[in-house]
1. So if each residue of separation counts as 0.36 nm, and I subtract the Cα-Cα distance between LEU162 and ASP53, what length gain in nm does that give?
2. Among HIS192, PRO209, GLY228, whose Cα sits farthest toward the positive end of the charge dipole of region 166-228 (+1 at Cβ of Lys/Arg, -1 at Cβ of Asp/Glu, about the Cα centre)?
3. Which residue, THR82, ALA17, VAL107, has the largest displacement toward the positive end of the dipole of the chain when charges sit on each Cβ (Lys, Arg +1; Asp, Glu -1)?
4. Sorting check: for 149-155, 44-50, 23-29, 137-143, which peptide has the highest mean count of neighbouring beta carbons within 10 Å, and how do the rest follow?
5. Using +1 on the beta carbon of Lys and Arg, -1 on that of Asp and Glu, and nothing else charged, what's the dipole of the chain about the Cα centre, debye to 20?
6. Could you work out which residue, out of PHE171, PHE69, PHE157, moves most in a Gaussian network model of the chain, that is, has the largest mean-square fluctuation with Cα springs under 10 Å?
7. In debye, nearest 20: dipole of region 34-119 around its Cα centre with unit charges on the Cβ of K, R (+) and D, E (-)?
8. Equivalent ellipsoid semi-axes for region 190-250, as square roots of 5 times the alpha carbon gyration tensor eigenvalues: give them largest first, rounded to whole Å.
Amino acid sequence: MIRLGVNLDHIATLRQARLETYPDPVQAAIFAELGGADNITCHLREDRRHIQDRDVKLLQETINIPLNFEMACTAEMLDLATQLKPSAVTLVPEKREELTTEGGLNVISMKESLQKAINQLKENKILVSLFVEASKPVMDVCKELGADAVEIHTGDFCQKLLSAHTSKSQFELVEEFQTVSKHASELGMQVHFGHGLNYRNAYWMQLIPEAEEANIGHAIVARAVFVGLSQAVKEMKDLLNNADHKPNWI
Ligand code: PXP
């Protein structure tokens, strides 16, 4: 089964657009849980553009499923994570001017800071996942750094899938993920996926036997406007796991 991590950042985006108290990501987590979410993900950005400190604290106190805390590798966030002790931390790159996380971590240039962060988080018994591009050498570095999991960036894949019009070209795109995921799994790391997954592409993850978790936000929150959050989560979980949706070579 592929676990579904529901990213609630965009519930908070809607709230912050009017600097209101609603909709509340903490309340949203209850509906996500009822829909079958396996964990709740949120990203506390340095500029606090959506999720606020209060959200992370309350989510950690109230949800009955694991909290995956997404954060940049900074001293401020590390302090917060060690106080909070979420089940998992996913380290992501962060740029102030980006609309959303644009690429994976540069694990080579950030090796030293990542190593320190991973050691600190693991001392606090927090599972550490690194958000990275699909590349075998990158997986080797993640292993060397002691990561428990990798979250493979699906942004490019989702874009390319849109312009891949034949089964052959679509399956070729998945092959890259299959090879890299197998490698990461053989190295002993959990394999997660995330970014840009939606109701038209998430079922492709079914072709990756090593896929353990998908973290999905924007598409679920957008669909929730029409069908409600629990239903949107339920539908996404079905796309990730129901064999009826598994892509076939046509
Ligand atoms: N995984 C990571 C590491 C992310 O940074 C994001 C975006 O915040 C997501 C998953 C979710 O992406 P999306 O909102 O496109 O589903």
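Rule-based calculations on the coordinates, nothing more; no lab input. Keep in mind it's a predicted model, so treat the numbers as computed, not measured. Counting neighbours? That spans all protein chains shown, and the Cβs are built from the backbone with ideal geometry, glycine included.
1. 35.6 nm
2. Farthest along the dipole direction, towards plus: GLY228.
3. Working it through, the farthest residue towards the positive pole turns out to be ALA17.
4. In decreasing order of mean packing, 149-155, 44-50, 23-29, 137-143 become 149-155, 23-29, 137-143, 44-50.
5. 300
6. Comparing PHE171, PHE69, PHE157 in a Gaussian network model of the chain, the most mobile one is PHE171.
7. Using only the charged Cβ atoms, the result is roughly 120 debye.
8. Each semi-axis is the square root of five times an eigenvalue, giving 20, 14, 10 Å.
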